[in-house]
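Read through the structure below, which is laid out as C-alpha cells, and then see the notes.
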Amino acid sequence: MSVQTVNTPVPAAPIGRKASEGIGKLAASLILIIAGVIALTPIVWLLAKTVQNKDDILSCLYFAPISHWTTENYQHLFVKTDFGHVLLNSIFVTDVTVITQLFFASLAGFGLAKYEFKGKKLVMGVMLATMMLPGQVTMAPLYDMLYHMHMVDRFQGLIIPSAVTVFGIFLFRQSILQVPDELLQAARIDGCSEFRIYWDIVMPISRPMIGAFCLMAFMGSWNNFLWPQILMHHDYYFTLPIALNQFNGMYSTAEGSMGILLAGTMLSVLPVMVLFVFLQKEFVAGLTAGAVKG
Amino acid sequence: MNLFPYGKAALSMFGLAVLSAGWIFVHPAPEKKATLTYWTFSKDHYDAYQKLIPDFEAQHPGVHVDLEIVNNNALAARLQAAFLSDLDVPDMTELEIGTAGTMFRGPVKDIGFIDLKPRLMQSGLYDRYVQSRFSPYTSRGGIYGLPQDVHPVQLVYNKEIFAKYNIDPDKIQTWDDFIAAGKKVTIPGKQYMIELSDSTTGSGGLETIMLQRGGSYFDPAGKCIIDSDVMVKSMEFYVPLVAGPNKIGGTTGDFYGATWSKSVEDGYVASMICPDWRTLFVQRGPTKMAGKMGIMPLPAAVPGGIRTSTWGGTMLGITKRCKDPDIAWQFAQFLYTDKARLAKNFQQTNILPPLKEAWSNPAFSAPNPYYGGAPLGAIYAKYAPSVPAQYTAPTIDTAKAKLGEALIDCVKYYNDNGDKGFDEFVRAKLKEKADDVRAFQARNPY
Amino acid sequence: MRAKSSGWFSAQHKLAPYIFVSPFVIMFSIFGIYPIIKSIMLAFYATNGPKSQVYVGFSNFNFMFHHHDFQIAVRNTIIYTLCSVFLQLPCALGLAILLNQKWLKGHSFLRLAFYSPNLMGTVYVGILFQQLFSIHYGLVNRVLASIIPGFSTDFKWLGDPANVMPALVLTSLWLYVGYNMVYFLAGLQAVDKELYEAAEVDGANAWQRFWAVTAPSIKPIATFVLVTSTIGSFQFFDLPYIMLGNGGGPNNAGLTIVMYLYQQGFITGDLGYASAVGWTLAIGVLAISLLQMKLTGSMKGND
C-alpha cells in the first residue's frame, strides 16, 4: 500500500527538489523509451523486411513504401523450400516433448511434494546435484547411447531423453507444496484414489504453474539448437532451428533469397510470441517463484 | 473425472501433437528404393543431371538413380557422421575439394570411399584427365575421388573502368604490371582494382595466389609445409595487396549473392579472380554488366610463369556402402566421359571437364555475349593443363583454418607496422601455425 | 463413492509415491545418470565416432590444455562472461528500477517490450543480427554512420577479429537484458515498502535508500541471477555459431568452449575428447558458481 502523504514532518523541500525530481522523471522516461525502442527495433525491422521485395530489402533502411509491400517472400518460403515440413516437425517434436515433460514432471513433483517415502532425500539430492552440471557433459555419451539404441537421426532421440526435466520437477514440487493438505485429506475421505487426487484436484489448482511450465518447456524445445543439430542428419528430420541455420548458409547471400530467410525466421519466432501473449502472467509468476525465495 | 486437467494451453499443445503426429505418420521418411543414391550440393549440378538421368536409366533398364541435393555446409559433416554412425550413406556423392581430406582421417581400411585407382588405370582415364586434379583426392597411394573439373582461374574485369583509366589488359603480363595499373584505379573506400579478401584464404584469395606460386598446405607425402619458403614469400606478396597504404584489393565480404552483385555493378571492384564456375555466377548476379565484362589471364608471378591458378573443385566418390560399384562407375563414366554430355554440361554451367579430349567440341568455343563474345570454354581450356596440383591430408581443415589465422595476423601486423620486421613476423607466424597443424596430426591415434 | 476397503486405501497411499515418481526416476537413471557416469569413462578414450574406441589415459586432457584453440576458446568464454555479468546485470537492474517507479505509466507494455527479445530463440536472433551487423548494407552500420560523423558503413563487425566479441556481447545484451530484468523486477516488487518509508523518514535520499534498503533485500535474487548468468555465459554456443557462419569466426575470435567441444566431438568425431572437454567445463563452472555463492554469502542467508 503506498502512502500518499506522509504525516510525519519531512523537511519541506524547496522548489529545487521538485524540479530535480521532475528532471529525474524526464531522464528516466527518456532512458526507458530509448531502451524500449532498441529492444523492439530489430523485431520490427524483421517484420518490415519480410514484406519487401528483393530490391527494397537491400536498399531501404527500414520500411518500404506501402505500395511495395508484398507477400512473395512467404509464398516462396513455402513453395521453394520445405519450410512447411520442417515447421510441422517442430510442432510435433515440441508439443510431444512438452506434454511428456508435463506429465512426468508434474506427477513426480506431486509425489515429491505431498508424500514421504524411503529414498526421497536420496532422489532429491541426486537430482539437485545433477542440476549443477552443464548439459554438455552428457552430450557425447548420450549420442553414443542413442546410436546403439538406433535412435540417432530419429524423432525418438529428441523426445525421449528430454522427457526428464529436473528443473520441471522442482518447479512443480515448489508449487504443489502450497496446495493445502486438508484438500487432499478431504478427497481421500471421500474415497478418491491417489491418482485421482492428482488428476482432479491438484492439477486443476496448479493451472497457473502448468501454464508457466508449458510456456517455458515450449520455448526450450522449440528454440533448442545444439542437441538437434548433433542428433539429426537427414533433412527429413530437421527442426526449425537447424533448418533455419542451413537456410542461413544457403540463402542469405543467394539472389533474392534474403527475404525467404527472414520470412522463415519471422514465422519461427511467431508461435512463442503468441503463446507468451496468452500466458504472460503465469509465466512471470512461475519464473520468479523459485528465485525470489532464494 | 476431468478429461484433461492441465488447462487450455496444454490442451492445445496436446491437440497439435496429435494432429502433427498424424500428418507425419502419413508422410513417412522416404525409403531408399533407388539402385543408386547420388548426393550433390550444387543446384546447378542437380538441375543438369536431372535432365541426363532418364538417358542413363533407358540404357540400363531396371536401374533407378535417385538424385539428392544436400546443403554444402552440411554435406561433409553429414557424410562424416554417416560414415561414423551407420546412417543413410549414399552410394555416390560429390564432395568439395576443401573437405575431401577430412574423409581420410582414420586408417586406410576405414576410408568410406572405394579406391578408384584400379578402374582409372584400366579404363585409361587416368592419362586422359588433367592429372594434377587427382592430387586432392589421393591418400596413401589410393585415389578416392573422380575429379569433375579443372577450375582454371582467369581475371574477369570491368571493361568500362579499365578503359576509363587507359589500362590495356594485353599489356599486363606480370603482377608487377597489374599492381602498377591498380594504383591508378584504386580509390580507397570506393573503388578497388581487384576483389581480394584480407580475412579469408579461400574464395579466390591467398590460396589461389599461393597455388600459382607453387605454395601448398601439404607436400605429396601429407606433411604440413605451411611454413616453407614459398609460402612465406606468397604471404609477403599477398598481404600488401590487401593491407597497408598501397592496397589495391577490396571486398564486401561476400563472394556471391545480392550484396556482392550490387558491389560489382557499382564498380566497387574493377576485376575479380574468376574460375570457370564463377563466370556463371558473374553472369547471373550483376546482370547489369552484361557485355561490359572482359576476361584476361591471371598476371604471372614471374615473367614467363603460369598465367593461371585454381579455385575450388568437386570430386565424385563411390562409397563402400554401394552394393553395385560397377553400375556406379558406369554412371560416373556416363556423366563425365561422354563428350556430347560434357559439352551440354558446359553450356549449362560453364564448367570445363578434366577430360582433355572433350575440349575440342565446338560448344566450348562458342562466344559468350556476357563477356563481349569471348569464347569462354576455349580460353579456360588453354590454361587448364597448367593448373597446379594440391596435396591433402586428414588435417586439411585445420591447416586451412590456421593459414587463415596467420593471414589475419599478418594483415594486422602490416597495417600497424608496414614493411618493418614483416619478414621475421611472417616466418615466425607461419611456423607457429604449421606447428599447430603438426601437433594435431600427431594426435591422431589411428 | 466409499472406498473399497481401508486396507487397499492405505496400501495405495504407501505405494502411490513410488508409482508416481518411479517413471521419472527410471528415465532419469537411463538418460541422466548413466550418461554422466559414462562420460567420466569416455573422457579417457579417443574415439572415431560411436563405433570404435581407443584407451588413451590422460592424453585427452594433456592435449587439451596445450591446444592453442582450446586456450583461445577459454579466453573468449571468460571475456564474454565478464562482459555479460558486468554489463548485462547492471543494465537489467537499472531498467528494473526504472520500471518499478510508481509514477510510470505503460508499465506492462514496457515490460513486454523489454522481454520480447528473449522470446526469440537464440538461433533466430543470431540470423537476425548477422544481417543487422553486415557490412555496407546492415542496419547497425547505416544508423551509426548517420549519427556518428566519420563512421564508415564498411566497418566490419563480424569480419574483424577485434569486433567479433563486441558484436556478440551487444547481441546477447539485447537478448538477455529483459530476461534478467524480469527477475530483478520481481525482487524489487517483493521489497517491503515499509522499509522504504522508514528510510525516507530518516531523511535518506534515493541513492542512500538504494544501498540501505533495496540492495540487501534483493540479494537472494541478485545472487540467483548472477550465478545463472555466469553458468549460462559459460555455455555460450548458439549465437556465435550462427552469427559466425557455423564456425569460430575470423581467427577464432568467437570460438567458445562449447563450440570447441562441438567441433572436436561431433564434427571430427572424437566423442572421448568431447567428454574430456565437457568435464573440464563442468568442473570450471561448478568451481566458479560455488565461489560466487560463497562470496555473496548467500548459501545460508547472511542477512
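When the stretch C:102-124 is filtered for residues that are under 20 Å from residue C:168 (Cβ atoms) and more than 8 Å from every other protein chain (Cβ to nearest Cβ), only C:118 remains.
The residues listed here are B:254, B:227, B:219; of these, the one that is surrounded by fewer than 17 Cβ atoms within 10 Å (Cβ to Cβ) and out of contact with any strand residue (DSSP E or B) (no Cβ under 9 Å at 6 or more places or on another chain) is B:219. Flag: residue A:186 matches the condition of being part of a helix (DSSP H, G or I) and surrounded by fewer than 16 Cβ atoms within 10 Å (Cβ to Cβ). Tallying residues that are on the phi > 0 side of the Ramachandran plot and touching a residue at least 40 places away in the same chain (Cβ under 8 Å) within the stretch B:217-270 yields 4. Within the stretch C:37-70, restricting attention to residues that are surrounded by fewer than 18 Cβ atoms within 10 Å (Cβ to Cβ) and of a type in the set (A, V, I, L, M), the residue that is farthest from residue A:108 (Cα to Cα) is C:54. Just a yes or no: is a residue in the stretch B:311-320 surrounded by fewer than 21 Cβ atoms within 10 Å (Cβ to Cβ) and out of contact with any helix residue (DSSP H, G or I) (no Cβ under 7 Å at 6 or more places or on another chain)? So far as the stretch B:311-320 goes, yes, one or more of its residues are surrounded by fewer than 21 Cβ atoms within 10 Å (Cβ to Cβ) and out of contact with any helix residue (DSSP H, G or I) (no Cβ under 7 Å at 6 or more places or on another chain). Search the stretch A:205-229 for residues being of a type in the set (Gly, Ala, Ser) and more than 11 Å from chain C (Cβ to nearest Cβ), and hand back the single one that is farthest from residue C:246 (Cα to Cα). If we take residues in the stretch A:205-229 being of a type in the set (Gly, Ala, Ser) and more than 11 Å from chain C (Cβ to nearest Cβ), then A:206 is farthest from residue C:246 (Cα to Cα). Of the residues B:370, B:414, the single one that is more than 28 Å from residue B:235 (Cα to Cα), part of a helix (DSSP H, G or I) and of a type in the set (Ser, Thr, Tyr) is B:370. Residues that are over 25 Å from the mean Cα position of the chain (by Cα) number at least 2 in the following helices (runs of 4 or more DSSP H) confined to the stretch B:143-231: B:159-164, B:175-185. For residue C:246, state whether it is over 22 Å from residue C:43 (Cα atoms), at the interface with another protein chain (Cβ under 9 Å from one of its Cβ atoms), crowded, with 23+ Cβ neighbours inside 10 Å and among the polar types (S, T, N, Q). Taking the combined requirement at face value, the residue does not satisfy it.
Candidates B:323, B:339: the one that is touching a residue at least 24 places away in the same chain (Cβ under 8 Å), surrounded by fewer than 21 Cβ atoms within 10 Å (Cβ to Cβ) and either charged (D, E, K, R) or in contact with a strand residue (DSSP E or B) (Cβ under 7 Å, 6 or more places away or on another chain) (or both) is B:323. Of the residues making up the stretch B:84-94, those that are away from chain C (no Cβ under 13 Å) and of a type outside the set (D, E, K, R) number 3. Within the stretch C:15-33, if we keep just the residues that are more than 8 Å from chain A (Cβ to nearest Cβ) and not aliphatic (A, V, I, L, M), the residue that is farthest from residue A:129 (Cα to Cα) turns out to be C:22. Of the residues B:259, B:279, the single one that is at pLDDT 90 or above, outside any strand (DSSP E or B) and of a type in the set (Ser, Thr, Tyr) is B:279. Screening the stretch B:20-136 for helices (runs of 4 or more DSSP H) wholly inside it with 1 or more residues that are in contact with a helix residue (DSSP H, G or I) (Cβ under 6 Å, 6 or more places away or on another chain) and under 28 Å from residue A:150 (Cα atoms) returns the ranges B:72-85, B:97-100. With respect to residue B:317, is the statement that it is small (Gly, Ala, Ser), at pLDDT 90 or above and more than 22 Å from residue B:241 (Cα to Cα) true? It is true that residue B:317 is small (Gly, Ala, Ser), at pLDDT 90 or above and more than 22 Å from residue B:241 (Cα to Cα). Output the residues belonging to the stretch A:93-149 that are outside any helix (DSSP H, G or I) and modelled with pLDDT under 85. The answer is A:115, A:116, A:117, A:118, A:119, A:132, A:133, A:134. In the stretch C:84-101, of all residues being facing chain A (nearest Cβ under 10 Å) and crowded, with 20+ Cβ neighbours inside 10 Å, the one that is farthest from residue A:34 (Cα to Cα) corresponds to C:99. Evaluated against (1) crowded, with 20+ Cβ neighbours inside 10 Å; (2) modelled with pLDDT under 90, residue B:125 falls short on exactly one condition, (1). The number of residues in the stretch B:290-318 that are among the hydroxyl-bearing types (Ser, Thr, Tyr) and either in contact with a Lys or Arg (Cβ under 7 Å, 6 or more places away or on another chain) or free of Cβ contacts under 8 Å to residues at least 12 places away in the same chain (or both) comes to 0.
Scanning the stretch B:7-15 for residues that are out of contact with any Cys (no Cβ under 7 Å at 6 or more places or on another chain), facing chain A (nearest Cβ under 7 Å) and at pLDDT below 85 turns up at least one hit. From the list C:127, C:72, the lone residue that is over 28 Å from residue A:22 (Cα atoms) and more than 10 Å from chain A (Cβ to nearest Cβ) is C:72. On inspection, residue B:267 qualifies as away from chain A (no Cβ under 14 Å), touching a helix residue (DSSP H, G or I) at 6+ places or on another chain (Cβ under 7 Å) and not in a helix (DSSP H, G or I). Out of all the residues in the stretch A:108-125, which are farther than 19 Å from residue A:181 by Cα and facing chain C (nearest Cβ under 7 Å)? Within the stretch A:108-125, just A:123 meets the criteria. Residues in the stretch A:191-201 that are more than 10 Å from chain C (Cβ to nearest Cβ) and either aromatic (Phe, Trp, Tyr) or crowded, with 23+ Cβ neighbours inside 10 Å (or both): A:199 only. Checking A:54, A:25, A:49 one by one, the residue that is in contact with an Asp or Glu (Cβ under 9 Å, 6 or more places away or on another chain), surrounded by 13 or more Cβ atoms within 10 Å (Cβ to Cβ), basic (Lys, Arg) and within 11 Å of chain C (Cβ to nearest Cβ) is A:49 and no other. Does any residue of the stretch C:42-53 turn out to be closer than 24 Å to residue B:81 by Cβ and either assigned to a helix (DSSP H, G or I) or basic (Lys, Arg) (or both)? Scanning the stretch C:42-53 turns up at least one residue that is closer than 24 Å to residue B:81 by Cβ and either assigned to a helix (DSSP H, G or I) or basic (Lys, Arg) (or both). Summed over the stretch B:30-83, residues that are surrounded by 13 or more Cβ atoms within 10 Å (Cβ to Cβ), within 14 Å of another protein chain (Cβ to nearest Cβ) and of a type outside the set (Lys, Arg) total 24. Each residue in the stretch A:230-242 was checked for being over 19 Å from the mean Cα position of the chain (by Cα) and either of a type in the set (D, E, K, R) or more than 8 Å from every other protein chain (Cβ to nearest Cβ) (or both), and 4 of them qualify.
The values are calculated or read from the model by the stated rules, or taken from the named source; none is laboratory data. A quick note: this is a predicted structure, and the numbers were derived from the prediction, not measured. Note that we place each Cβ from the backbone using ideal geometry, even for glycine, and neighbour counts take in every protein chain shown.
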